[in-house]
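The values are calculated or read from the model by the stated rules, or taken from the named source; none is laboratory data. Computed from a prediction, not measured in an experiment: that's the story for all the values here. All Cβ positions, even for glycine, are placed from backbone atoms using ideal geometry, and neighbour counts span all protein chains on display.
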């Protein structure tokens, strides 16, 4: 990212579905829009294997294809997508400053749409063997485990979806659930079928305490408890899907108000505690963690940004 001294109408932090949709709305109205993404355009949606509940796609669509189409649409109208990590934001009245790893960006408004990241187990071996048997993305790494035995950790929709996806590659999946399955009825039916076919075994009331690599190179065992009794399982890899944490670390020294788990509080117009700073998608307190709702919030945020800019323009003194 080259040095940029221009005062932009809006800088969007993150380039997932929510920000990309917002950018479609703002750029179509000639609102100068810059998006800053530190990882993958499309966010977690881009690395989701298959999206079956996004309106307009009766047969479903791959997460990567959906993200690519959203990006192409935003760029067609003039969205400027840049790569870099946002370090902090500063409010200096009618102007905001977004500090990035590539230099500062000046903006009249900011949209924070940084989404969430994978929650960790926080047990021995998890961090040490990340990429050597511990993973958080089935679509990214599942193909490395053809004809191997895998443990999938979690009991919600994401864990069940990813476990079902991994049956394409693995010889067997052991789904380890802390309490009970919380997946939707549709997914429960699908996993029941996989169980009957011998592809998946579900272990309820199972808590891991360590991920082990006996040769200190790649994972070969997990240990913990099952219904209070000692439990161990020989595996070739571990995929963890136990929820998400909001990407709001860069806001720690700002005046943006967060809830108890670090998600951003907003009003009905998706404006944060700082006038001119908005939030949408999975990073917002009360979000439903669904692509369709994130996109809807992006549209709402864009309309609120337009209204804010119009009001600020009306308040500018005539020279």
Output for region 233-255, where each listed residue is assigned to a loop (DSSP other than H, G, I, E, B) and either under 18 Å from the mean Cα position of the chain (by Cα) or farther than 19 Å from residue 119 by Cβ (or both): 235, 236, 241, 242, 243, 247, 248, 253, 254, 255
Residues of region 270-304 that turn out to be in a loop (DSSP other than H, G, I, E, B), within 15 Å of the chain's Cα centre (by Cα) and within 14 Å of residue 12 (Cβ to Cβ), as a count: 1
Residue count for region 256-269, restricted to those that are in a loop (DSSP other than H, G, I, E, B), over 15 Å from residue 99 (Cβ atoms) and in contact (Cβ under 8 Å) with a residue 12 or more places away in the chain: 8
Matching option when the condition is surrounded by fewer than 17 Cβ atoms within 10 Å (Cβ to Cβ) and outside any loop (DSSP other than H, G, I, E, B), among 58, 18, 88: 88
Residue satisfying condition, being more than 30 Å from residue 23 (Cα to Cα) and not in a helix (DSSP H, G or I), within set 99, 190, 127: 127
Single residue of 119, 76 found to be over 22 Å from the mean Cα position of the chain (by Cα) and loosely packed, with under 15 Cβ neighbours inside 10 Å: 76
Conditions (1) surrounded by 17 or more Cβ atoms within 10 Å (Cβ to Cβ); (2) out of contact with any helix residue (DSSP H, G or I) (no Cβ under 8 Å at 6 or more places or on another chain); (3) farther than 20 Å from residue 183 by Cα; (4) modelled with pLDDT of 95 or more; number of the one not met by residue 151: (3)
Breaking point among (1) in contact with a helix residue (DSSP H, G or I) (Cβ under 9 Å, 6 or more places away or on another chain); (2) over 22 Å from residue 247 (Cβ atoms), for residue 114: (2)
All positions within region 198-215 that are modelled with pLDDT under 95 and assigned to a strand (DSSP E or B): none
Any hit, region 131-140, residues being at pLDDT 95 or above and in contact with a helix residue (DSSP H, G or I) (Cβ under 6 Å, 6 or more places away or on another chain): no
Counted residues, region 170-180 - those being part of a loop (DSSP other than H, G, I, E, B), more than 21 Å from residue 230 (Cα to Cα) and out of contact with any helix residue (DSSP H, G or I) (no Cβ under 6 Å at 6 or more places or on another chain): 1
Any hit, region 99-106, residues being without any contact (Cβ under 8 Å) to a residue 60 or more places away in the chain, outside the structural domain of residue 27 (by TED's automatic domain parsing) and under 22 Å from the mean Cα position of the chain (by Cα): no
